[in-house]
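Peer 1: Starting off with a structure, shown below.
The values are calculated or read from the model by the stated rules, or taken from the named source; none is laboratory data. Keep in mind that what you see is a predicted model, and the values were worked out from it rather than measured. FYI the Cβ positions are ideal-geometry reconstructions off the backbone, even for glycines, and counts take in every protein chain you see.
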Amino acid sequence: MSLVPPLHVVLLERILPHEEYDPLSVERLADRIEAEGTQRNPVICVETEDDALVVLDGATRTEALRRLGVRHAVVQVVDGAAVTLETWHHVVRGGRPTTVMDRIATRPGLILTHGDDTPRVNPAAGTPVTVLGEGLSPNTVLSTLVDGYIGRWRVSRIIDPDPDVVTTRFPDWSAIVEFPRLQVEHVMKAALSRDLLPAGITRFLVPERVLRLDADLTMLRSRSSLETKQQALDALILARSRAGRVRRYEETVVILDD
């Protein structure tokens, strides 16, 4: 039995995002991929009945590969029922709180009101507000909200949106954006209907996630057939296994250079 879950080389056009992407993150990752010359980690996907692949984790990676002119990507196809979905909240950093709030308030279709419902924006200086939409789908409300700050200020993700926790990790925070809890079916519907969620709010916990693949970018870019590329990927995994370079961790792992 292989220690490595099955990995597949697929055409990028088969891969459907469920979320928008942060252009600043895409630019940074594209530069890193180009410099390293590899696809470091597989894109995590769920396969649909009509043979599409919905991205659970790797939207930024997929878009970065597209920008680099890569024709194929390596994916790990997982069972949607086996994953756990959590919600990331956003920490907007490096801006004036009033400027961030003014930018959000002027986004078309958004209504800011007092309340405890999500999505909610908590500025570093000022009163928290709940964000509603006028004539917008729930996903569009979220995307329009995120469009108000993403690509303009630095955005970090956090699981616990408590201001004390955020201050400890990000002393330069301007606003905390808290999102509603999502389910896997929301993600699948967002991808298949093209009613995308905003970038960076879904966090999938995937059993047996493969990391540090480092698939050769030249191979993925080449005009070789899909079959030839799959053979190259299988050979890479076999060589790593025979060299004793495959490790399986059951405990929680903290990665410092992701």
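Peer 1: Can you find even one residue in segment 79-89 that is assigned by TED's automatic domain parsing to the domain that holds K229 and over 16 Å from T202 (Cα atoms)?
Peer 2: yes
Peer 1: If you check L211 against the conditions, is it exposed (fewer than 15 other Cβ atoms within 10 Å of the Cβ) and either small (G, A, S) or touching a Leu at 6+ places or on another chain (Cβ under 8 Å) (or both)?
Peer 2: When the stated conditions are applied, L211 does not pass them.
Peer 1: A further question follows. Mind counting the residues in segment 98-120 that are within 26 Å of the chain's Cα centre (by Cα), assigned to a loop (DSSP other than H, G, I, E, B) and not polar (S, T, N, Q)?
Peer 2: So the count comes out to 5.
Peer 1: Only one of T84, T38, T62, T48 is of a type in the set (S, T, Y), surrounded by 20 or more Cβ atoms within 10 Å (Cβ to Cβ) and either in contact (Cβ under 8 Å) with a residue 60 or more places away in the chain or closer than 20 Å to V187 by Cβ (or both); which?
Peer 2: Only one candidate passes the filter, namely T62.
Peer 1: Next question. Quick one: which residue in T218, T228, T252 is assigned to a loop (DSSP other than H, G, I, E, B) and either polar (S, T, N, Q) or not assigned by TED's automatic domain parsing to the domain that holds R71 (or both)? Spell out how you get there, then give the answer.
Peer 2: Working: T218 fails: assigned to a loop (DSSP other than H, G, I, E, B); T228 fails: assigned to a loop (DSSP other than H, G, I, E, B).
Exactly one residue qualifies, and that residue is T252.
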